1. For the range 55-127, state the semi-axes of the equivalent ellipsoid (square roots of 5 times the eigenvalues of the alpha-carbon gyration tensor), sorted largest first and rounded to whole angstrom.
2. Could you go through the range 55-71 in sequence order and give the Karplus-derived ³J(HN,Hα) for each residue, using 6.51 cos²θ - 1.76 cosθ + 1.60 with θ = phi - 60°, rounded to whole Hz, and x for Gly and Pro?
3. Can you pick out the pairs among Lys72/Lys126; Lys44/Lys72; Lys44/Lys105; Lys72/Lys127; Lys105/Lys127 whose Cα atoms lie more than 25 Å from each other?
Amino acid sequence: MRTWVFAGLLVAASTGAALAQDAAAGEQSFNKCRPCHDVGPEAKIKLGPPLNGIDGRKSASYPGFNYSDAVKGLGLTWNAASFKQWVSNPAAMAPGTRMAFSGIKDDQEIGNLWSYVGQFKEDGSKK
């Protein structure tokens, strides 16, 4: 019995470490996004809106950012699935978007990126 409890604790601990590693890998991947997007306590509007508080936010809703009609028409709520679809090919999801980014094709990288950007609250602090 103690062996199973210990094994369970090891799995739980390794899962937490894996999530931290995913966010760290996502931070590296975010360098592809950084020229146009910001995140964190000092985030500001660049060519694209800041990504603070993206998890659960309605698309085209960041105050003060001028979204393209294509993005305004998305009508979605950002979550892991919608983010994955978007970041893999923005132009296919919203033809006419001004976002000039060819996309990320690797599912693991997209998951890591979501793990990183999804951890920021609206004010830029981490959850």
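Computed from the coordinates by the stated procedures, all read-outs in this text should not be read as laboratory data. Since we're looking at a predicted model, the values are computed, not measured.
1. Details: eigenvalues 75, 60, 19 Å².
Ellipsoid half-lengths, sorted descending, are 19, 17, 10 Å.
2. My calculation for the range 55-71 gives 5, x, 7, 6, 5, 6, 10, 6, x, x, 9, 8, 7, 5, 4, 4, 6 Hz in order.
3. Working: Lys72/Lys126 27 Å; Lys44/Lys72 20 Å; Lys44/Lys105 27 Å; Lys72/Lys127 27 Å; Lys105/Lys127 27 Å.
As for pairs spanning more than 25 Å Cα to Cα, those are Lys72/Lys126; Lys44/Lys105; Lys72/Lys127; Lys105/Lys127.
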